[in-house]
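Right, one structure below, let's go through it.
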Amino acid sequence: MDWTHLPPLSALRAFATVAEEGTLSAAGRRLNVSHAAISQQVRSLEDWFGCRLVRREGRGVCLTDEGRQLAGHLDTAFRGIRKAVDELSQAGQARPLQVTMTPSFAVHWLMPRLSEFRHLHPGIELSMNPTGEIVDLQPGGIDLALRYGSGEWPGLESEALMHTPTVVVAARGLVGDRVFDDPSSLADFPWMQEYGTDEISAWFESQGVRTPPQIDITHMPGYMLLEGLRNGDGISIASKAFIQPLISSGALRVLFEKKDPGYGFHMVTLPGVKRAPLKVFMSWLRAQASRDGASRDGLRAAGDAAAHSGG
């Protein structure tokens, strides 16, 4: 379509509103603009067509023959636009809410709480995609990603959900009460790692140590890691919030703890207006995190404390 041969849409909308309301003042109130602005739009449209579209009649206006012809076509066109918008909006609301997260986050934090969300919001259909891969967010695809990091993902919006340090843990039956001062001393033990991640090598590098070549790593789904830790099958890296009960009970020992001020789990979305089901789910997630005492304020406070200490 050659848009250069059409008058401005704002002028067409103003005229269509005048045709419906019958007065310039009423049209202005409906569009939240002044009487003068409506009058100017109508005059610009008359100049564009080269004919009168309205004439004053008492305190209002009436349409000329040309005005009635244009108003009829505009009414049909704008109704068609409104119908298309409504259909697409309804389709968007009905589409399942698609959420991606790591399998560990899904198993250890989200799934135990999800029945509450379903009870509170039975009309919202969820589609969960637990994966170790970072999934791209695209319009019409993934609505929300729950990611661990600093919150800096270019081109996306992120909101802190919870702060939790990363810990290296093992069953007491595997490591006993031995004190580990050097990360390299852990190389003689078996390790377990979630599919699709490189947490072990990343952790060794963060400690200034190259990953020992002889290290024995078993890769497995996230839901199996907790059972493997309980059984003493190996050492693993986990978010402390997920395994705090096992640490508190003494079943697991924290061998090393990596505190990254400002790091934590974030709700990551595309920029722009969020559809209603997504806003409801994000609000529920905030409430869950706050209930755990791992609110967004805690994440910000950790970052502030690091800044004041020079970290």
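Every read-out reported here was derived from the displayed coordinates using simple, explicitly stated rules and does not represent laboratory data. Since this is a predicted model, take the numbers as computed values, not measurements. Please note: Cβ atoms are built from the backbone with ideal geometry, for glycine as well, and neighbour counts cover all protein chains shown.
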>> Restricting to Cα pairs below 8 Å that are 6+ residues apart, what does the relative contact order work out to for segment 166-258? Please round to a whole percent.
In response: 51 percent
> What is the antiparallel percent of DSSP beta bridges lying wholly in the chain, to the nearest 5?
Replying inline: 65 percent
>> Quick check on the exposure proxy: order 121, 266, 5 from fewest to most C-beta atoms within 10 angstrom.
In response: 5, 121, 266
> Would you list 64, 166, 17, 76 from fewest to most Cβ contacts within 10 Å?
Replying inline: 76, 64, 166, 17
> On a 0 to 90 degree scale, rounded to 10, what angle separates helix 222-231 from the longest Cα axis of the chain?
Replying inline: 20 degrees
>> Distances longer than 34 Å among the Cα atoms of the chain: what percent of all pairs is that?
In response: 47 percent
> Measuring from a point 7 Å past the Cα of residue 25 along Cα-to-C-beta, which residues in segment 48-71 have an amide N at less than 18 Å?
Replying inline: 55-62
> Taking neighbour Cβ counts within 10 Å as the exposure measure, how do 18, 179, 135 sort from fewest upward?
Replying inline: 179, 135, 18
>> So, R0 is 51 Å and r is the distance between the beta-carbons of residue 223 and residue 84; what FRET efficiency does that work out to, to 0.05?
In response: 0.70
>> Defining a contact as two alpha carbons under 8 Å apart and six or more residues distant in sequence, what relative contact order in percent does the chain show?
In response: 20 percent
> Rounded, prolate or oblate: which fits segment 3-93 when a ≥ b ≥ c are the square roots of the eigenvalues of the alpha-carbon gyration tensor, with rounded for a/c under 1.5 and prolate only if a/b beats b/c?
Replying inline: prolate
> Going by alpha carbons, how many degrees (0 to 90, nearest 10) lie between the helix axis of 276-291 and the longest principal axis of the chain?
Replying inline: 40 degrees
> Once all Cα-Cα distances of segment 166-258 are split into 10 Å bins that start at 0, what whole-number percent is in each one?
Replying inline: 17, 57, 26, 1
> Angle between the Cα long axis of helix 65-94 and the longest principal axis of the chain, 0 to 90 degrees, nearest 10?
Replying inline: 10 degrees
>> Lysine pairs in the chain with Cα distance under 30 Å, only those 8 or more apart or on different chains: how many are there?
In response: 5
>> Give me the percent relative contact order of segment 3-93, please, defined on Cα pairs under 8 angstrom at least 6 residues apart.
In response: 24 percent
